[in-house]
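Step one of this worksheet: look at the structure below.
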Amino acid sequence: MKNITVTKPFGISDLITLLAWAGIIFLTWSFMHGADHFLQLTPEALGKYFNVKWILILHITAGGGALVSGPIQFWERLRNRYRKLHRVIGILYLLAVLASSACAVILAFTTAYAVNWAYAFSVQVWVTVWITSSFIAYYTARKRKFKLHKEWMTRSYIVTLAFVVSGSLLKLPVVQQLGEFAEISPSFFWLGWAVPLYIYEVVLSYRRKS
């Protein structure tokens, strides 16, 4: 007898995944739309980024690619049925992170100091966590430790998504009333990734004990 593959019907988890992906695409579009003025490539539009304009453009573009491709990796239906596609998208995600984070390192150690030391330091720590979590996610996949791989991919994507979260929070009028960008941005940069990572670790710990 031939083995019969039973295909699960489209369920709630699939719907949630698609809605989450649609939401992230919208947030990514909104975030990148706010950076459209950089494409003018003029000193007035780019300000302190003018001398590193192509690094900035690559950082934003590759970061957008990582934001959009990341959620697909957590879609259980696709991961189970199309493993090769899952690997390809995973590689594309990691390449996007590599390109964007490499540019972020350059920006963190150059133009970031034009704001202040606290801003530069917060970005440096942020990008370090981004690079290391993504590398460990890749390493665990190569070692076929898929449970750990999923956990580290989640951490990597939390840090990826933090760029949009922090940027969106800083645009809120109620947040802008707290002070100048140079004063409040470091705190919201830490808030964007450190708090979600902490919550994820709490949830992960609870699941392991239950």
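The numbers here are math on the coordinates, done by the rules we state, and not lab data. If you're wondering where the values come from, they're calculated on a predicted model, not measured in any experiment. Cβ sites come from the backbone with ideal geometry, for glycine too, and all protein chains shown count toward neighbours.
Across Arg155, Arg77, Arg142, mean-square fluctuation computed from a Gaussian network of the chain (C-alpha pairs under 10 Å connected) peaks at Arg142. Restricting attention to the range 12-209, lysine pairs at least eight places apart or on different chains and with alpha-carbon atoms under 23 angstrom apart total 9.
Mean residue ellipticity, 222 nm, helices only, the chain: the sum of -39500 (n - 2.57) across DSSP H runs of n ≥ 4, divided by residue count and rounded to 500, is -25500 deg cm²/dmol. Ranking Ser122, Tyr198, Ile184 by Cα position along the charge dipole of the chain, where only Lys, Arg, Asp and Glu carry charges on their C-beta atoms, puts Tyr198 farthest toward the positive end. Between Leu170 and Ser205, the FRET efficiency estimated from the beta carbon spacing at R0 = 30 angstrom works out to 0.50.
Label separation (Leu39 vs Leu178): 3.1 nm, computed from points 7 Å beyond Cα along the C-beta direction. Taking a ≥ b ≥ c as the square roots of the eigenvalues of the alpha carbon gyration tensor, the range 105-210 is oblate, as a/c is not under 1.5 and a/b does not beat b/c. In order along the range 192-197, phi translates into HN-Hα couplings of x, 10, 5, 5, x, 5 Hz, rounded to whole numbers, per the Karplus curve 6.51 cos²θ - 1.76 cosθ + 1.60 with θ = phi - 60° and x for Gly and Pro.
The length gained on full extension between Arg144 and Phe50, counted as 0.36 nm times the residue separation minus their Cα-Cα distance, comes to 29.5 nm.
A simple charge model with +1 on the Cβ of Lys and Arg, -1 on the Cβ of Asp and Glu and nothing else charged puts the dipole of the chain at about 1620 debye relative to its Cα centre. Label sites at Trp117 and Glu76, each approximated as a point 7 angstrom past Cα along Cα to Cβ, lie 5.0 nm apart.
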